[in-house]
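First the structure, in the form of structure tokens, and then the observations on it.
Since every read-out is calculated from the coordinates, none of them should be taken as a lab result. Note that the structure is a prediction, hence the values are computed from the model and not measured. Neighbour counts run over all protein chains shown; Cβ positions are idealised from the backbone, glycine included.
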Amino acid sequence: MNFEEYKNLWVFIETFQGKPKDVGLELLNEGRRLADLTQERLCAVIIGSDVDESVAKVTAYGVDDVYVVKGKEYENYCSDSYGDAMAKLVRKFKPATILIGATHNGRDLGSKVAVTLQTGLTADCTNLDVDQETENVIWERPAFGGNLYAQILCADSRPQMGTVRAGVFKKGEPDDSRTANVIEVDIHTPQELITTKLREFIKGEEPADLKPAEANIVVAGGRGVGSKENFSIIQKLADELDGAAVGASRAAVDAGWVPHFRQVGQTGTTVTPELYIACGISGAIQHQVGMKDSATIVAINKDPDAPIFEIADYGIVGDLFKVVPELTKAIKELKA
Ligand code: FAD
């Protein structure tokens, strides 16, 4: 394989009903940093039937090129059609690196394309860098149940591919005056290759309030909260803080006290809020992976040796059933 032929960094922009998902826009920001390190072009890839809004959006977020594949067969995500289009694009334009959001569809697409092209894919990355000498991306991800971080290189094949979790990187600032080179590529997938068909789209229940990944402040509860009913004290504290969402550890989710969309950590969401308040959470590595990059971490735990205190900026050793209502009361008084 001649590595010289492979150039530029691509970000796959997953869309839903014509709109780009945030994770793709987050990856453009990190993609720009990596592309600058290797002096390559940053390119977005958009596959769909209705792409105009997504093209405008990625242009505003800042890309050099946008590769567009348009067709009726790409109206909804499907492994067969998207996998085929992406593999054809890669064979034609030979990118060095491809970043894909680690959503359900992104994970599916990444593995399909990597197998088709016989190249390497690192799944579910939580950090990225570049070895400038070899231009290998250093893909970092939790390994062995999150007990250590592995740095993985794809040193023998191109393109080097990776999926990255939503919320790991922040979006840049959009600017509508930016322009990009839009390259419409005439690629189509024959119907006989499409073995799955979307019969119906059933919309799931939308959470009534903010999701942890969208919030500036996350108040999270763990096993120490003790029951579904007790989560009301976590909710009350979140209600007093503007723009706060309730989060949870896996233990609280597994116990059925809160729905899974609130879970923070390796098998939940990654959050990077301004403030993260962990209540009755021990701070297992799998939880830390999802919240350690929060700007300020406050931990409330009755065990002074709980690992969460090792990463907390402020620690309160005490009973959350006393501390949390006191904190809620104090914030209410401050606001009055
Ligand atoms: P515990 O570890 O039981 O801690 C409860 C804490 O509450 C203790 O520190 C205790 O001192 C404190 N406490 C109890 N009562 C009070 C009180 N009244 N006042 C104050 N403090 C009190 N976990 C996640 O959170 N997110 C994930 O995404 C995730 N993914 C995982 C993936 C894998 C592959 C594996 C193996 C595990 C994963 N886990 C995840 C589970 C993780 O290892 C821990 O088991 C889990 O985070 C523990 O949750 P916890 O801190 O709420 O419970």
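Using the per-residue mean of other Cβ atoms lying within 10 Å as a proxy for protection, in what order, highest first, do the peptides 82-91, 98-107, 243-252 fall? Please report the intermediate quantities before stating the final value.
On the way: 82-91: 20.4, 98-107: 22.6, 243-252: 25.0.
Highest to lowest by the protection proxy: 243-252, 98-107, 82-91.
Of the chain, which part is the longest with no GluC sites (Glu not before Pro) in a loop (DSSP not H, G, I, E, B) and with at most 16 other C-beta atoms within 10 angstrom? Write down the numbers at each step before the final one.
On the way: sites that count: 75, 133, 200, 205, 229, 274.
Result, exposed sites excluded: 1-74.
To the nearest 10 degrees, how steep is helix 52-61 against the longest Cα principal axis of the chain, on a 0 to 90 scale?
70
From the backbone phi of segment 321-336, what are the Karplus-calculated ³J(HN,Hα) couplings (6.51 cos²θ - 1.76 cosθ + 1.60, θ = phi - 60°) in whole Hz, Gly and Pro given as x?
6, 9, 5, 5, x, 5, 5, 4, 5, 5, 5, 4, 5, 4, 6, 5
Roughly what angle does helix 79-93 make with the longest principal axis of the chain, taking Cα atoms, 0 to 90 degrees, to the nearest 10?
Value to nearest ten degrees: 60.
Gain in length, residue 333 to residue 144, computed as 0.36 nm per residue apart minus the alpha-carbon separation, to one decimal in nm?
Numbers: separation 189, 0.36 × 189 = 68.04 nm, distance 4.59 nm.
Result for the pair: 63.4 nm of gain on full extension.
To the nearest 0.05, what FRET efficiency results for residue 186 and residue 296 with a Förster distance of 45 Å applied to their C-beta separation?
Values: r = 51 Å, r/R0 = 1.13.
Between residue 186 and residue 296 the formula returns 0.35.
When all alpha-carbon pairs of the chain are counted, what percent fall beyond 37 Å?
On the way: 14181 of 56280 pairs.
Taking all Cα-Cα pairs of the chain, the fraction more than 37 Å apart is 25 percent.
Relative to the longest principal axis of the chain, what angle (0 to 90°, nearest 10) does the C-alpha long axis of helix 104-117 take?
Rounded to the nearest ten degrees, it is 40.
In terms of modelled amide H atoms, which long-range or inter-chain residues lie less than 5 Å from the amide H of residue 247?
219, 220, 221
With 5 Å bins from zero, work out the P(r) of segment 34-156 over every alpha carbon pair and list the percent per bin.
Pairs per bin, as whole percents: 2, 10, 18, 21, 23, 15, 8, 4, 1.
For the pair residue 254/residue 17, report the inter-label distance in nm, with labels modelled 7 Å from Cα in the Cβ direction.
Result: 3.5 nm between the two label points.
At q = 0.17, 0.21 Å⁻¹, what is the base-10 log of I(q)/I(0) for segment 1-65 according to the Debye formula with one equal point scatterer per Cα and no solvent? Please give it to two decimals.
Once normalised to I(0) and log-transformed, intensities are -0.56, -0.78.
Chymotrypsin sites (Phe, Trp or Tyr not before Pro), restricted to segment 109-218: which are DSSP loop and have at most 16 other Cβ atoms within 10 Å? Walk me through the numbers on the way to the answer.
Details: sites: 139, 144, 149, 169, 201; in loops: 169, 201.
For chymotrypsin sites (Phe, Trp or Tyr not before Pro) across segment 109-218 that sit outside H, G, I, E and B with at most 16 neighbouring Cβ atoms in 10 Å, the list reads 201.
Report the calculated FRET efficiency for residue 50 and residue 115 (r = Cβ-Cβ distance, R0 = 22 Å), to the nearest 0.05.
On the way: r = 29 Å, r/R0 = 1.30.
After rounding, the FRET efficiency stands at 0.15.
So what are segment 130-205's ellipsoid semi-axes, whole angstrom, largest first, if each one is the square root of 5 times an eigenvalue of the alpha-carbon gyration tensor?
Values: eigenvalues 187, 109, 84 Å².
Here the semi-axes work out to 31, 23, 20 Å.
Can you give the FRET efficiency for residue 1 and residue 319, using 1/(1 + (r/R0)^6), R0 = 56 Å, r = Cβ-Cβ distance, to the nearest 0.05? It would help to have the intermediate numbers written out before the result.
Working: r = 61 Å, r/R0 = 1.08.
Plugging the Cβ-Cβ distance into 1/(1 + (r/R0)^6) gives 0.40.
Along the Cα→Cβ direction, 7 angstrom out, place labels at residue 134 and residue 37. What is the inter-label distance in nm?
So the label points at residue 134 and residue 37 sit 1.4 nm apart.
Longer than 26 Å from Cα to Cα, which of 302/335; 171/236; 72/92; 70/112 are they? Say none if no pair is.
Among 302/335; 171/236; 72/92; 70/112, the Cα-Cα distance tops 26 Å for 302/335; 171/236.
Taking neighbour Cβ counts within 10 Å as the exposure measure, how do 188, 260, 287 sort from fewest upward? The partial results should precede the final answer.
Numbers: 188 15, 260 12, 287 27.
Sorted ascending by nearby Cβ count, the order is 260, 188, 287.
Subtracting the Cα-Cα distance from 0.36 nm times the residue separation, let me have the gained length for residue 227 to residue 153 in nm, one decimal.
On the way: separation 74, 0.36 × 74 = 26.64 nm, distance 4.37 nm.
Full extension of this stretch gives 22.3 nm more.
Could you pull out every residue, at least 5 positions away or on a different chain, whose amide H is within less than 5 Å of the one on residue 11? Hs are placed 1.01 Å off N in the peptide plane, and Pro or chain starts have none.
43, 44, 45, 99
Scan segment 217-249 for trypsin sites (Lys or Arg not before Pro) in coil per DSSP, keeping those whose Cβ has at most 15 other Cβ atoms within 10 Å, and list them by number. Display every interim value, and only then the final one.
Details: sites: 223, 228, 236; in loops: 228.
Here the trypsin sites (Lys or Arg not before Pro) that fit, given the DSSP loop and packing criteria, are 228.
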